[in-house]
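The values are calculated or read from the model by the stated rules, or taken from the named source; none is laboratory data. Since we're looking at a predicted model, the values are computed, not measured. Positions of Cβ are backbone-derived with ideal geometry, glycine not excepted, and every protein chain shown enters the neighbour counts. The area values use the complete protein model at the heavy-atom level, side chains included, leaving out ligands, DNA and RNA. Shrake-Rupley method; radii C 1.70, N 1.55, O 1.52, S 1.80 Å.
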Amino acid sequence: MTIEEQILANPALRDVQNLLELQTAKGLAKYGTTVNPMDHSTIEWLKHYREEMIDGAVYATVVIQKLEEMQNERG
């Protein structure tokens, strides 16, 4: 089975591929280009990454809190 077939057969991989395509289109629309490794230094890239991970931690915390609330409501 090819990689493309593996991706098509796996819903999680399809979702990630779709998200990558959507994010790439969003970046192209906003910046007119895709990610260029030369746009930032290694430290700057790591700082961008860290900021994204902090945002992700906030989002995960919100979802955890919502799920805990739902569990508590059910008893």
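Could you please tell me which pairs satisfy a Cβ distance under 9 Å, a separation of 6+ or placement on different chains, a first residue in the range 35-58 that is farther than 20 Å from ALA25 by Cα, and a second residue that is open to solvent by less than 100 Å² (accessible area, probe 1.4 Å) and of a type in the set (D, E, K, R)?
TRP45/ASP39
Among the residues of the range 39-57, count how many are open to solvent by 80 Å² or more (accessible area, probe 1.4 Å) and either under 15 Å from the mean Cα position of the chain (by Cα) or modelled with pLDDT of 95 or more (or both). Before the answer, list the steps.
The first filter runs over the range 39-57 and keeps only residues open to solvent by 80 Å² or more (accessible area, probe 1.4 Å), leaving 39, 42-47, 49-54.
So of that shortlist, the ones also either under 15 Å from the mean Cα position of the chain (by Cα) or modelled with pLDDT of 95 or more (or both) come out as 42-47, 49-54.
Number of matching residues: 12.
Here are some residues: GLN65, GLN23, GLN6. Which one is in contact with a helix residue (DSSP H, G or I) (Cβ under 8 Å, 6 or more places away or on another chain), surrounded by 10 or more Cβ atoms within 10 Å (Cβ to Cβ) and not hydroxyl-bearing (Ser, Thr, Tyr)? Spell out how you get there, then give the answer.
Values: GLN65 fails: in contact with a helix residue (DSSP H, G or I) (Cβ under 8 Å, 6 or more places away or on another chain); GLN23 fails: in contact with a helix residue (DSSP H, G or I) (Cβ under 8 Å, 6 or more places away or on another chain).
None of the others qualify; the one that does is GLN6.
Which condition breaks for THR34 when tested against (1) part of a helix (DSSP H, G or I); (2) under 18 Å from the mean Cα position of the chain (by Cα); (3) not aliphatic (A, V, I, L, M)?
Condition (1) is where THR34 drops out.
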